[in-house]
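Coordinate-derived values only; no laboratory data. On a predicted model such as this, the values are computed, not experimentally measured, just so you know. When we count neighbours, we look across all protein chains shown, and the Cβ atoms used for this are built from the backbone with ideal geometry, even at glycine.
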Amino acid sequence: MQSKTTVLRESFVPRSIESIKQFLVSNMVTIMFVILSVLGYKVSGMTPFLFFMDITARISRNAFLVLALIIPVMAGMGLNFSIVLGAMAAQAVVIFVTHWGIGGLPGIVLAVALVTPLAALLGFLTGTLFNRTKGQEMIAGLILGYFAQGVYELIFLQLVGSLIPMSNPRLIMGSGVGVRTTIDLTGGLKYGLDWPGQYWGNDLLLRPTLPWTALGLSVLLALVLLAYQLRAEKRKRWSIPRMVASMVGIVVIAAWSIVQIRSNSQINWIRVPLLTWLVIGAACVGLHFFSKTKLGQDMRSVGQNRHVAAVAGIDVNRVRIKAIILSMVMAAWGHIIFLQNLGTFSTYGSHEQVGLYSAAALLIGGATVAKASIKHAVLGTILFHTLFIVAPAAGRQLFGDAQIGEYFRVFVAYGVIGITLAMHAWKHVLQSRSDAKPSGTEH
Amino acid sequence: MASNSFLKRIDLARLIIAEFFVFLCITAVALRLNLAELITSSLSRIGMWSVLVLAMLPAIVSGIGPNFGVSLGIICGLLGGLTALELAYRLDEIVQFSPGILFLMAILFSLPFALLVGVGYGWLLNRVKGSEMMIATYVGFSIVSIMKLAWVFLPFTNPEMAWPIGRGVRVQVALGNRGLAQLLNNFLAIRIGEVVIPTGLLLSGALCALLVWFFMRSQTGMAMAAAGSNPRFAQAAGISVDRQRIIGTVLSTVLGAVGILIYSQSYGFLQLYEGPMFMPFVAVAAILIGGASVSKANITHVVVGTILFLGIQVVAVPVANAFTADWSSMGEISRKIIQNGVILYALTQAGGE
């Protein structure tokens, strides 16, 4: 008996400690940001109402853009900084749709229809460029973004009004040449997707309150989890502790929602743009099933090893171009969602940080340059934007200067990308070194 | 063979850019723009950037590629400059430094920072072989953005650099108060008609280039070039490739520090905060325009590239403005397109993994 318990203890205790340790190490970045976000929120002294209002808006605005980064990571092309081009395409289309005066949901549908071929073309060109810079896609994408910025400015700052005839005092500068530096979408595309009912004079259509949405989401999530657990193969099922932890989390959220609904707190004033969230949800589900298709599997193989994939008969270059086209189109759609939520945008600046902030969000969610999932994107969006909201307020509380918080959050964005890239490259070097050693030859 | 290598050296992209520059110059003459002013500002702009472009050379030669993270060196230079100004302020009661001494002090103070940072940065780059360009870019971005916090908190007391209210160092610290502005530009400056030749500025650029040229011919320089051009062969020949790469990185960082001080004295201000963020891209593009690739470069590329790229930047604006006042942004736009187009072109030529 005694020997049995010691064996049990020996086999059980170290393994659980080991697995906890492994969990902590592999999720270090995410855990750090959870702590940072919670501390930041405490220090900032923000009211829950303001915080939840802001975070609801920011999730609706940015989640889709972060999702656009997943496919190229799958195909082994790293963080696709060229999504800035997709954002520029979206802005170009939004400018024209605004010029034609089409607003609301129909305007959004038209913009999406127009931007898709444009973004696909840009994606094709970008993919072709990336095939000529294999292994350096990220820096090429970053520089391509700066290059495209020059072309974009050439078109909209110099050619519109001079070579491209366009006159619209709302959009064109006083001199008659160039598009104005800020464009107001009020009465046009603003909230076209978020408040789909406004077009038909029903402002509250598809805009439930935050607690009700949270309650609905947690019930849905619980049902999906249970269904999965019952129907999945045995070895794919979640372990009991993981399941229990998830269920506890879901119940806590549901309980919080019910408490909020029954109280008359300000949280009940916050409304969720349900249609936008449904679109984001659809993108998540779509990505999930896409990864199981033939093309999705091909992308995975290319991402793991280009040479092996080529030997297996996959047209590597074609698959890589398709990955970038998909990513670019998603980025363009995502940026339309972003702009309609923002309601007013800077013609020559709103796209600039799209790559930076989306990549930072994805990495904070726990993704790496070689592995990214929907879970990473969603969690990362929430964490990164929590930090974004609380940092200026925390800076003001701690140092009497909101600017310090702003500097800090920008540093975080750059720093997290820099560190993740360096860690990944280092691991890659170590791996190829250990691969090379046993055979005794360097390749 | 000879014609083949000639064609390879002067490839299409550079030819287009060189022709564009010639076209701009001819247009400038045809439009009767103020040539003296154009030449004067071209010369000072070329001199300003020369050492920063030169900083790319040891990096490329040692094998780490164009130094997209030269902003680290730039920050060391700025730190040196601020330290010198602070020291001059604290010692005001005791001794007055002449501008020349103060400038040398700025360089001297920036060196320890640059050496230390360069070694650490080189160590990092040795661990991420194959992704140096991207890592360097993001290391640069990260350091520039964390330095924004540092500029707020560093304990400088000199009122010339602090905000009158609030905390931290100004966005731009004026150098005119202590006679540092245009110090080198005015040194031995020659006036021919209305053209002013900033002799001191050009000479200091040439001096740095000469030092680098001598270094390249020294034993260490040769070893560094060998490590960069063929690491496996160099390793077999008993050269420590990693060590040579660190030497290249340190040299590049030091040149970046000296380069920004030369740049700043001509500009008249130390530009902090966002200032150093995108400077590396200009320097990278310049040396690439001069004919360098991401793995090969020499002094000629530095000279030709600086003259071409910075020359275009100076001439393009008035030429575009002469056509129509609405084209006022053309100078900046053409810079963005040329600068990033050239870097992209060089990346495609590198051929990937």
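Among B:Gly291, B:Gly73, B:Gly130, the largest mean-square fluctuation in a Gaussian network model of chain B, built with springs joining Cα atoms closer than 10 Å, belongs to B:Gly130.
Does chain B come out rounded, prolate or oblate, given a ≥ b ≥ c as the square roots of the eigenvalues of its C-alpha gyration tensor, rounded meaning a/c under 1.5 and, failing that, prolate meaning a/b above b/c? Kindly include the intermediate steps, with their values, before the conclusion.
Details: a/c = 1.66, a/b = 1.08, b/c = 1.54.
Oblate, since a/c reaches 1.5 and b/c is not below a/b.
Ordering B:Ser329, A:Val279, A:Met46 by Cα displacement along the dipole of the protein assembly as shown toward the positive end leaves A:Val279 in first place; charges were set at the Cβ atoms of Lys, Arg (+1) and Asp, Glu (-1).
Given the pairs A:Lys322/A:Lys371; A:Lys236/A:Lys294; A:Lys190/A:Lys322; A:Lys236/A:Lys292; A:Lys371/A:Lys427; A:Lys294/A:Lys375, which span a C-alpha to C-alpha distance of over 24 angstrom in this model? Those over the limit are A:Lys190/A:Lys322. Here each label is just a point 7 Å from Cα along the line to Cβ, and for B:Ile16 and A:Val248 those points are 6.2 nm apart. Projecting the Cα atoms of A:Leu398, A:Leu342, A:Leu362 onto the charge dipole of region A:292-408, computed from C-beta unit charges around the Cα centre, puts A:Leu362 farthest toward the positive end. What helices does chain A hold that run 20 Å or longer along their axis, going by alpha-carbon atoms, with a Kyte-Doolittle average of -0.5 or more, using DSSP H for the helix calls? Helices passing the filter in chain A: A:2-26, A:28-44, A:48-67, A:83-99, A:104-131, A:137-153, A:210-231, A:240-262, A:274-290, A:316-342, A:374-399, A:402-439.
Computing FRET efficiency as 1/(1 + (r/R0)^6) for A:Gln22 and B:Ile26, where r is the C-beta to C-beta distance and R0 is 51 Å, gives about 0.15. Please say if chain A is rounded, prolate or oblate, where rounded means a/c under 1.5 for a ≥ b ≥ c the square roots of the C-alpha gyration tensor eigenvalues, and otherwise the choice is prolate for a/b larger than b/c and oblate otherwise? It comes out oblate by the Cα gyration axes. The distance between label points at A:Phe49 and A:Thr293 comes to 4.6 nm (points 7 Å beyond Cα on the Cα→Cβ vector).
Let me spell out the model: positive unit charges on the Cβ of Lys and Arg, negative unit charges on the Cβ of Asp and Glu, origin at the Cα centre of chain A. What dipole size does that give, in debye rounded to 20?
Rounded to the nearest 20 debye, it is 1440 debye.
Farthest towards the positive end of the charge dipole of chain B, among the residues B:Leu78, B:Leu91, B:Gly179, is the Cα of B:Leu78, using unit charges on the Cβ of Lys, Arg, Asp and Glu. For region B:13-345, the dipole from Cβ point charges (+1 on Lys and Arg, -1 on Asp and Glu) about the Cα centre works out to 680 debye, to the nearest 20.
Panel order for A:Lys292, B:Lys148, by other beta carbons found within 10 Å of each beta carbon, from fewest to most: A:Lys292, B:Lys148.
Taking square-rooted eigenvalues a ≥ b ≥ c of the alpha carbon gyration tensor, is the protein assembly as shown rounded, prolate or oblate, where a/c under 1.5 means rounded and, failing that, a/b exceeding b/c means prolate? Note, shape of the protein assembly as shown comes out prolate. Residues B:Ile60, A:Ile419, arranged from fewest to most other Cβ atoms within 10 angstrom of their Cβ, appear as A:Ile419, B:Ile60.
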